[in-house]
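Before any comments, here is the structure.
The values are calculated or read from the model by the stated rules, or taken from the named source; none is laboratory data. Here the structure is a predicted model, which is why all the values come from computation and not from measurement. When we count neighbours, we look across all protein chains shown, and the Cβ atoms used for this are built from the backbone with ideal geometry, even at glycine.
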Amino acid sequence: MFAASAMVNPNSGLMPWALIWGIPYLGAAILAILFFVGVRNEKIYSWGAVTSIGLGALVAVYALYKVLKEGPIYGASNTNWVPWLNIKIGVYLDGLGAIMAVIVSVLSFLIAVYSVEYMRGDWGVQRYFFFFTFFVASMLLLVTADNLVLMFIGWEGTGLASYALIGHWYTDEEEYWVGVPGRKALGVPMYFEPSHSGVRALMFTRIGDIGLLIGMSAIYLLTHTFSIPLLAANTHWIVELATKGSLTALLIVFSMGALAKSAQFPFQEWLVTAMTGPTPVSALIHAATMVKAGVYFMLRMAPIFLLGAAAGHVVAAQLQSYFYIMAGLGAITAFMMATMALVSNELKLILAYSTASQLGYMFLGVAAAGYIVSKANEAAALGVAAGLSHLMSHAIFKAALFLIAGWLIHVAHSRFIDHMGNYAKYMKLTALSMWLAGLSLMAIPPLSGFFSKELTLKSAEEAGLVWDWALGALTAGLTAAYTLRMILRVMHLPPKKETHGHPHEAPPLMLIPYLLLSLTALALGLAWVWVYPGLAKGISETLAVQVPLDEVKQAFTIAVTSAKTLGTLAWVGVSLAIVWYLYVPAKIDFDRILERSTIARAVHDFLFDRWYINSLIYIFIVGGFAGLSLILAGFNNILDIAYHMALPALFVLAAAGIRSLHRGKTDYYLMLYLYFAALVLLYLYIAWG
């Protein structure tokens, strides 16, 4: 079963491990200083960002080597950073933290190299590379922090930087929008400008962060610590909450930040419209960093939650309720977003839907591990390994796809796939990269996406989550369908509308990063038999997850050779065959079908307009609060009138009444005073005898 690590005291100093995030933060600070003193040389900013992120990546790689060889690294400062809360600046690099640091830093480095060429000549390039570097540093702080407060600072740092990066082109020219200009659903506009999208990302994720803060505060009140290792070593707080019947509710509130950050239902809308930022930002946010923060939270905290299960049935039952809900949200998100991608006509939007869908798989895998807490060890270990495996493989192939999309959009001078086509004739290396990354997204063996996706479905099966497994398996076919549709439309079929682009291969600084990532997706799959044991070893070194490696390996073998795996593969094959037939031999004109069929149009619009969820949010939540604001504004006007008109008038009348009692006869008033004083003295004399 899950067991806590006995090590809760620092075994190392803060340095050099804090350099993982310290160097990028220093790089961002230097770029900010240079900007304020008037330096505007573009190369200083672009290569300064690349260098600082690259150096941080080297430290992260070395840290992973040390962790896999010698065990977890736990280092902290000598003095308290916040004395009254007993908080030190510390790093915790177990298998999970070290693997995440490498994934984040290495992929961010490649995306930064791509950005050097992509952002060349942009009017806000200096600001872009500052926030880019600050973003990466914050994400690295988040995944290596040893306490919840430090993790939250990194968490909020990514949110702040994402607002600036998503709204980078805040002048809001139409070419940077997401959505079809002029389109409305239920009367609500479905097109979004960069400035609007940046605010949406900030608001959606901040709502979830309120829950995260509430959970952190409640846990601190029960434990008097924010230290992640100490929370794992002393789980009495889990038992205490379960005894009061509030464990499930608090964990759901605590996890709201993770759901929002990783764009899980009902918080998925911010991620869709985040496509207004430069394409490298989409690769950064949607592949390796911000959206993975929620999955990292689950991978980090879920095993700690499970430590309390040994206390008895009451705790286990409430934990299972929590994980059941989280698994359901993951499965629903995976299916919902995949259906939207089937009909989308914007290249980056298809990939955005896909990102939220694949994040749903990750939540499903981790939550399934928690749900089967009372079952076999290898099943629980499989779910945790599945979440991390799919996080890693998705980060690689999705970063490649976004970087490819950035070049294709540049070539087509349009974000719509209707203006793209036959690009494979002119960009053979780009086409190869798109096919390799796309096949991994489709979960076709032997690409890495196949193994990580099957691990996730197997964990749901072992947990007995029948409906969640069914939605996950159904989503696998839909994923293959929309991915093949995208590749065929862009690379092999003629454009549906007139295009003004001149297709050619990308410059080396843009081509090499996505080609390397695509080849890595293939190499990881081919070497998965050797890669997975290393990943499993990383899991076994993770705080609170102490399981035999042999059990994890055995569970993996069963997962990829089961009858249900073969059935899922067959369903994926059928989906691919249908899409290929419809688009290649049959050459179906879907626009004509939509014109002639009311039912087909209704279904298309329902999916194209994102199940009308965005419209309902604006109608009932945004509109509802706007109406409440108007009511309160009206009440405020009443108070304003009362304060500035009615109250002064009342005082004027009172003053007039008082003045009427005074005639200005001083001798008369003095005589009355003396009479009154005499009466008081007479009364006192009689009363006291």
Failed criterion for Ile588 (all others in (1) modelled with pLDDT of 70 or more; (2) farther than 26 Å from Val178 by Cα; (3) part of a helix (DSSP H, G or I) hold): (3)
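Every residue, every condition in (1) in the same structural domain as Gly370 (by TED's automatic domain parsing); (2) in contact (Cβ under 8 Å) with a residue 40 or more places away in the chain, yes or no:
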| position | (1), (2) |
| --- | --- |
| Ala161 | no, no |
| Glu174 | no, no |
| Tyr191 | yes, no |
| Thr205 | yes, yes |
| Asp209 | yes, yes |
| Ala218 | yes, no |
| Pro229 | yes, yes |
| Phe254 | yes, yes |
| Ala258 | yes, yes |
Residue count, segment 426-457, condition part of a helix (DSSP H, G or I) and either outside the structural domain of Ala481 (by TED's automatic domain parsing) or modelled with pLDDT of 95 or more (or both), comes to 14
Give the residue, chosen from Tyr296, Tyr322, that is within 28 Å of Ser197 (Cβ to Cβ) and aromatic (Phe, Trp, Tyr). Tyr296
What are the pairs, 6+ residues apart or on separate chains, where a residue within segment 426-451 that is crowded, with 19+ Cβ neighbours inside 10 Å has its Cβ under 6 Å from a residue that is charged (D, E, K, R)? Met427/Glu505; Ala443/Lys453
Checked segment 458-493 for anything of a type in the set (S, T, N, Q) and at pLDDT 90 or above; matches are Thr475, Thr479, Thr483
Take Val315 and decide whether it is within 19 Å of Met336 (Cα to Cα) and surrounded by 23 or more Cβ atoms within 10 Å (Cβ to Cβ). no
Give me a count of the residues in segment 191-224 that are buried (at least 20 other Cβ atoms within 10 Å of the Cβ) and not in a helix (DSSP H, G or I). 2
Filter result for the condition that a residue is in a helix (DSSP H, G or I), under 18 Å from Ala258 (Cβ atoms) and either of a type outside the set (Phe, Trp, Tyr) or in the same structural domain as Ala287 (by TED's automatic domain parsing) (or both), over Ile111, Ile153: Ile153
Between a first residue in segment 335-348 that is surrounded by fewer than 23 Cβ atoms within 10 Å (Cβ to Cβ) and a second residue that is hydroxyl-bearing (Ser, Thr, Tyr), which pairs have beta carbons less than 6 Å apart while being 6 or more apart in sequence or on different chains? Phe335/Thr475; Leu342/Tyr482
Here is a list of conditions, (1) touching a Ser or Thr at 6+ places or on another chain (Cβ under 9 Å); (2) part of a helix (DSSP H, G or I), and Phe265 meets all of them except one; can you say which number that is? (2)
Of the conditions (1) under 23 Å from Thr235 (Cβ atoms); (2) among the polar types (S, T, N, Q); (3) modelled with pLDDT of 90 or more, the single one that Ser52 does not satisfy is (1)
Out of the residues in segment 599-631 meeting the condition of being more than 31 Å from the chain's Cα centre (by Cα) and modelled with pLDDT under 95, tell me which one is nearest to Val178 (Cα to Cα). Leu630
Condition first: crowded, with 24+ Cβ neighbours inside 10 Å and part of a helix (DSSP H, G or I). Now tell me which residues in segment 84-102 satisfy that. Gly95, Leu96, Gly97, Ala98, Ile99, Met100, Ala101
